[in-house]
Amino acid sequence: MIRQLRLALRTGIVTEAVAPDENLEVLGGRLGEAARRLFGRSLHIRQVDAGSCNGCELEISGLTGPHYDLERFGLHFVASPRHADCLLVTGPVTRNMAEALRRTWEATPDPKLVIAAGDCARDGGLFAGSYAVVGGVEAVLPVDAIIPGCPPSPRALLAGLLAAIGRRAADGAR
Amino acid sequence: MAALVYTVTAIAGIAAGVVGIGGVFGATFTVHIARIVPLGGLELAMDPLAGLFLALVGLTTAATSLYAIGYAGAARGAYAYLAFVTALGLVPLAANAMTFLLAWEIMSLASWVLVLDRRDDADVQRAAWVYAVMTHAGLACLLAGMLLLAAHTGSLRFADWRAAAPALAPAIRNAVWVLLALGFASKAGVVPLHVWLPLAHPAAPSHVSALMSGAMIKLGIYGLLRVGLEWAGPGPTWWGGTLLMLGVVSALVGILSALVDTDLKRLLAFSSIENVGVILIGVGSALLFVRAGTEALAAIALVAALYHTVNHAAFKALLFLGAGAVAHATGTRNMDAHGGLIKRLPWTAACFLVGAVSISALPPFNGFVSEWLTFQALLQSVRVAEPGVSLLFAIGTAGLALTAGLTAACFVKAFGITFLALPRSDAAAHAHEATATMRWAMAGLAAACVALGLGATVVVPAVTRVAASMLGAAVAPLHGTTLTFSVGADFASLSPLLIAAALGAGLVAPRVFLVVAGSPRRARLGETWGCGRILQTARMQYTAGAFADPFKRVFRFFYRPVKRREVVAHPDSRFFVRRIEYANPARALFEEWLYHPVLRGLVGITHRVQALQSGNAAAYLGYILAALLILLVVR
Amino acid sequence: MTRDLALALLQVLVVAGGAPLLVGGVRTLKARLVGRRGPRLLQPYADLAKLLRKEAVVSTTTSWIFRITPYVLMSTMVVAALIVPLFLARPVLDFAGLVLLMYLFVFGTFFLALAGLDAGSAFGGMGSSREVAVAALAEPTIVVAILALALRAESTNLGAIVERFAREPQLAANPGHLLAFAALFLVMLAETGRLPVDNPATHLELTMIHEAMVLEYSGHYLALVEWASAMKLFLFMALLANLFFPWGMPGSSELGSLAIGLVILIAKLTVLTVGLAVLETVVAKLRLFRVPEMLAGSFALALLSVLSVFLLK
């Protein structure tokens, strides 16, 4: 126990600053300025795997680690969509997951965001046109922002999330 | 016709309640009619303790009679009910042994008839049989004890016993105590003499169960108080210590058995055993304090025990009446077939919730006040010097605390599984609300629970009078103002009214805050979040058995589960399983470990003795001769 | 009278206002200890403010019990805030003792467990079942610890205990006192759902105890429930600090003394917060059915504390 504490104190804070990322597609209009103001300091995210290969999930799980640490911006992953403000959807939305995804969205209280992470979520990606795939999150839910990449790096995910809630990336330099 | 009988008993109950309360405040009287009862005539006497129990019996009867007027299950047995409540009222008033025993026996017989309500059911027959045997075994002990006491004091009247108590020889005192305590404890449902309770109470119709749990078992406590404090006088330490330990054991056994039960009424019956244990903790503490010479502390313990007795009558009757309404509406007592009843039976649910909250001792309801008093009485052990006694009190304190926690868990289960979420059966989905008189009765008892809690500053002085009359000292240990009463100079104090006011303010304050903060008022309706599953059915909900699973594991040493698993495979290959049968039944350990061996031994002995009945006339003549010789030689 | 009411209101405001800061402090410190920058100290306030403005979604399976439970929770915490000695030796509402406090917490747990069952989901039922089991098993420890305190201070009245220990420090200067503190600290971990009993930040429903019951709450209901949880942690810590280390608490209610009392309270709570954060960082969550063993251990500690009173007399 003492060894662990000593290691922690010696290692210190390893969180990195966030670089601005230009690759984000924000489908504005739906998202009013009021909603941005509401979520500016606190955004609770429910991640939904709609048939993903889990590549995006691995990158997303990096966000909670010490290097990318999304919590410093008031972002937080939650277990229940009732607690969530934002659905972070990965995967091409397979037919089997379409209804579940829709119910998750209905279970989330308003106002809410939907952010599609990864090329599959954008338009089906590698699996576009497959018989098992509905084709991108937009086919099922109204999407507010798309973070492209296969998979998007944690840096890109973080920059995308911050941009979706209207925070400048420079905020995270501290 | 039945409705008329019930109306009469309801009015009589209220009248008895008024008379009883009068008795508590000093309006004593005596009645003596020479011929009706042999060996001394019918003698009734009112004193504060009798008044308290008469009021308890009367008011509980009023509520259950009102309920019975509208209750379909009360159509039969009205006359047995009449005999039952009359006997219940006579027992506390009885002033000599024969009146007491006669009333006691009528009470037992009438309730036995009422238990046999559905006499075609084998379970009911067994329940009635066990009940009859145990209550008469108890009666035998009572008879033996009372006759012993009568032989040594020369009279059958209670007043004479009270006067002669200090002069009794210790051996007689102890023998009388053991016999009478056994008899009264078996009626009260103290472990290990409790096995009849979880069989008889569920079998009887609900208005009778309410009366049995609420009033009849309290008369066992009444008897224990009479013996321990009046007839056999102040006794040695082991009396109080035994009662205290038996109280702790009863409380724990009762609540642990209730926790894993899926039958609503049997759960309530076990809970009655638990509450009798709590009352006994108070009574045992009182006896220990009396022995230690600290009458003031004994008064606190006695007040706690008596208050809990009254409270238990109120909330247990309420819970049984509610369970009756539920069982009648759904056709079953099995909680795993209930569910969602809060929407179909809103009144019953609300009243049952008041009962559940009261029995879980949540402030500011009545259960909280009496458990608070019991805790304070136990904590007073800091003032008693003997370390052995202090250890008993410490065990009592820990046991009571564990019981309190387990009770809350048990009634979360009882209320939650029965009334909340989705209906688990068609019957539950189409259940109908209780009739008008049933609702009025339950509402009345719920109001009584609230009143006994909020009005503690009025009830405690009244109960203190009763305690003072029993302990023979002019004690005023519980200082009171209109709002607060306290124990000792600065030991502890309680103000139920202020707590209620604070809780009420606390309920309103967040609402006001939300309005000020501009929170959206309306909530959107949706379906329960189920991780995206398509359909919600009642099969996904927790069952009563599942809810109690953590307890089943933690208290494995108590439940001693025996799991049976049978796998039936296809005849051609053992890899294709046709059927799996799994059973994990609740075990009646006291019956298995205590009663069955004793009964087997008894039956074995009787088989040996049966050899005497050889059928040989010559042998019988020989017996007569031997008996004559013995009688002539031993004069 | 008005002065008393003002002081009572001040106590509630301190508890309600300070509780999110306490929770934020624990979270940030835990993050720093594992090398993360972590959320801001005032993050819980931002979370609550946002939740208050979100819509609430209520399931059709639930009943009025579900809607009333957040208010009941807040109500019990407000009353507990009124009776716990915070920065005054004698709290304003002087009538209450440890037994009442224990039952107020049971009240909240009772209704929260019912709300968990109300939605008809398997997770809610599971959370309720586990929560009442943990709460029931923690009760004996609380009461025996109360007994240990009552034996030394000769009262169960919270204000009286604090005053007695503050006046006669030698009563507290024995190992039994620390044993009772350790026992109640373990109970605090169980009752407030902290590691090693329950991980407040877990997402795996099967590992949840407290969180599983609140999965169905949203919007302002969720805000009230989270707030009440934070207040419970604050109150437990304040209780531990002030019952066992009651020095520095002024007896008079002058403004200056109140300010000093508040500063000292903040200092004590900071020490306890650091302790809790360090403990949560170095300890892993217990398997669910090892929790009764931990609670039995805390009961043994409390019992030893009681015995030590007799042995050291």
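The values are calculated or read from the model by the stated rules, or taken from the named source; none is laboratory data. Computed from a predicted model, the values in this text were never measured in an experiment. As a convention, Cβ positions derive from the backbone with ideal geometry for all residues, glycine included, and neighbour counts pool all protein chains shown. Remember, those area values only see protein heavy atoms, side chains included, never the ligands or the DNA or RNA. Shrake-Rupley method; radii C 1.70, N 1.55, O 1.52, S 1.80 Å.
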Under the definition of Cα pairs under 8 Å and six or more residues apart, what whole-number percent is the relative contact order of the range C:2-311?
-> 29 percent
When only Cα pairs under 8 Å and 6 or more residues apart are kept, what is the percent relative contact order across chain B?
-> 12 percent
Chain B: C-alpha gyration tensor shape, a/c 1.5 cut-off, then a/b vs b/c = oblate
So what are the ³J(HN,Hα) numbers for the range A:55-62, from phi and the Karplus equation (6.51, -1.76, 1.60; θ = phi - 60°), rounded to whole Hz, Gly and Pro as x?
-> x, 5, 4, 5, 5, 5, 5, x
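Give me the compactness ratio for the protein assembly as shown, meaning the Cα radius of gyration over 2.2 N^0.38 Å.
Against the compact-globule rule of thumb, the ratio is 1.03.
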If R0 = 51 Å, then C:L42 and C:F310, at their Cβ-Cβ distance, give a FRET efficiency to the nearest 0.05 of 0.60
Each residue of A:37-46 has, on average, a number of other protein chain C-beta atoms within 10 Å of its C-beta equal to 4
Karplus 3J(HN,Hα) series, Hz, for the range C:261-273 with 6.51 cos²θ - 1.76 cosθ + 1.60 (x for Gly, Pro) | x, 5, 4, 5, 4, 4, 4, 4, 5, 4, 4, 5, 5
If you take the accessible area of B alone, add that of C alone, and subtract the area of the pair, what total do you get in Å², probe 1.4 Å, to the nearest 100?
-> 6400 Å²
Heavy-atom accessible surface of the protein assembly as shown: percent carbon and sulfur, 1.4 Å = 66 percent
Interchain or long-range residues, amide H under 5 Å from A:I147's placed H = A:A116, A:A117, A:G118
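Give me the percent relative contact order of the range C:57-155, please, defined on Cα pairs under 8 angstrom at least 6 residues apart.
30 percent
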Pop the C-beta distance of B:L631 and B:L39 into the FRET formula with R0 = 30 Å and round what comes out to the nearest 0.05.
-> 0.70
With every protein chain left in place, what is the accessible area per residue of chain A in square angstrom, probe 1.4 Å?
-> 44 Å²
Karplus-derived 3J(HN,Hα) from phi for the range B:120-135 (6.51 cos²θ - 1.76 cosθ + 1.60, θ = phi - 60°), whole Hz, x at Gly and Pro, runs 7, 7, 5, 5, 5, 4, 5, 4, 5, 4, 4, 4, 4, 5, 5, 5
Å² per residue, accessible surface of the range B:592-634 at 1.4 Å = 88 Å²
What does the charge dipole of the protein assembly as shown about its Cα centre add up to, to the nearest 20 debye, if the Cβ of each Lys and Arg holds +1 and the Cβ of each Asp and Glu holds -1?
-> 720 debye
What is the set of long-range amide H partners of A:L43 at a cut-off below 5 Å, with H atoms built 1.01 Å from backbone N?
-> A:L75, A:H76
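Under the classification rounded if a/c is under 1.5, otherwise prolate if a/b is larger than b/c and oblate if not, where does the range C:2-311 fall, given a ≥ b ≥ c as square roots of the Cα gyration tensor eigenvalues?
prolate
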With a 19 Å threshold on alpha-carbon distance, the violating pairs from C:K232/C:K268; B:K265/B:K563; A:K112/C:K50; B:K187/B:K218; B:K218/B:K316 are B:K265/B:K563
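Cβ under 15 Å from B:P38's Cβ, B:P38 left aside: what net charge do those residues give with Lys, Arg +1 and Asp, Glu -1?
In short, 0.
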Could you work out the local net charge near B:L535, counting Lys and Arg as +1, Asp and Glu as -1, over the other residues with Cβ closer than 13 Å to its Cβ?
-> +1
Between 0 and 90°, nearest 10: helix C:175-191 axis offset from chain C longest Cα axis = 10 degrees
Taking each pair of different alpha-carbon atoms in the range B:327-425 once, compute 1/r for the pair, average those values, and report the inverse of that mean as the Kirkwood hydrodynamic radius in Å to one decimal.
-> 15.5 Å
Over the protein assembly as shown: helical MRE at 222 nm, DSSP H runs n ≥ 4 each giving -39500 (n - 2.57), nearest 500 = -20500 deg cm²/dmol
Counting other chain Cβ atoms within 10 Å of each Cβ in C:77-89 and taking the mean gives 2
Amide proton proximity set for B:V31, modelled H, under 5 Å, gap of 5+ | B:L44, B:A45
Principal axis dimensions, the range B:65-209 - Cα atoms, whole angstrom, descending = 54, 29, 17
Please give the average number of partner chain Cβ atoms lying within 10 Å of the Cβ of each residue in C:156-163, rounded to a whole number.
-> 3
In terms of the alpha carbon gyration tensor, root eigenvalues a ≥ b ≥ c, rounded if a/c is under 1.5 and otherwise prolate when a/b exceeds b/c or oblate, the range B:592-634 is oblate
Mind checking which of C:L33, C:L73, C:L114 has the largest fluctuation in a GNM of chain C, springs on alpha carbons under 10 Å?
-> C:L33
